[in-house]
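Enquirer: Below you will find the structure I want to go over with you.
The values are calculated or read from the model by the stated rules, or taken from the named source; none is laboratory data. It should be emphasised that the depicted structure is a prediction, and the values quoted were computed from it without experimental measurement. Because the Cβ atoms are built from the backbone with ideal geometry, glycine has one as well, and the counts that use them run over all protein chains shown. Protein only, heavy atoms only, side chains kept; ligands, DNA and RNA dropped before computing areas. Shrake-Rupley method; radii C 1.70, N 1.55, O 1.52, S 1.80 Å.
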Amino acid sequence: MSKNEENLKQITLDEVAEHKTEDSAWLVIGNATNGGPKVYDVTSYLDDHPGGAEVLLDVAGTDADEFFEDIGHSNDAREELKKHLIGSLKLSEEEKARRAKEAEEMKMQSAAGGGMNNMMIILVVVLALAYKFVLS
């Protein structure tokens, strides 16, 4: 975390929720895996967004992290986002714990999914060898 990020204003999700119009569009992006949730004022970027203003306005005033990550934004988009940083999301201890638990569950699901993929590859190889052995 940079010095500038350490001194960011703490903004609540209730405050973010008040900014969901063309005149003022804020959103939250970030999670435990990438430095935590940050608040961005994207009002000045609405007309320049490649997907159009409507895409941003649909998620303005909310925690849009999952939406942002699902789209698979480029490094250029992530650099652009940094220009609009205005604060970090203020979380209660309960919310921090809930988010940490969700992040851990996602991490475990990813690890389990990777293991299943490896098992499938091994199974296919074994079946192919068995098939070849039976035909010989």
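Enquirer: Output the residues belonging to region 23-35 that are touching a residue at least 60 places away in the same chain (Cβ under 8 Å) and either open to solvent by less than 50 Å² (accessible area, probe 1.4 Å) or not hydrophobic (A, V, I, L, M, F, W, C) (or both).
Expert: Matches in region 23-35: 26, 28, 31, 33.
Enquirer: Among residues belonging to region 106-136 that are within 17 Å of residue 34 (Cβ to Cβ) and at pLDDT 75 or above, point out the one that is most open to solvent (accessible area, probe 1.4 Å). Let's see the steps before the verdict.
Expert: Pass one, region 106-136, residues within 17 Å of residue 34 (Cβ to Cβ): 106-107, 110.
Next, only the ones that are at pLDDT 75 or above stay: 106-107.
Details: 106: 118, 107: 137 Å².
Result: 107.
Enquirer: Does any residue in region 36-49 that is within 14 Å of residue 64 (Cβ to Cβ) and modelled with pLDDT under 95 come within less than 8 Å, Cβ to Cβ, of a residue that is small (Gly, Ala, Ser) and in a loop (DSSP other than H, G, I, E, B) six or more places away or on a different chain, and which pairs are these?
Expert: 37/30
Table: residues versus (1) out of contact with any Pro (no Cβ under 6 Å at 6 or more places or on another chain); (2) of a type in the set (Val, Ile, Thr); (3) crowded, with 17+ Cβ neighbours inside 10 Å.
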residue: 10; (1), (2), (3): yes, no, no
residue: 21; (1), (2), (3): yes, yes, no
residue: 48; (1), (2), (3): yes, no, no
residue: 60; (1), (2), (3): yes, no, yes
residue: 77; (1), (2), (3): yes, no, no
residue: 86; (1), (2), (3): yes, yes, no
residue: 97; (1), (2), (3): yes, no, no
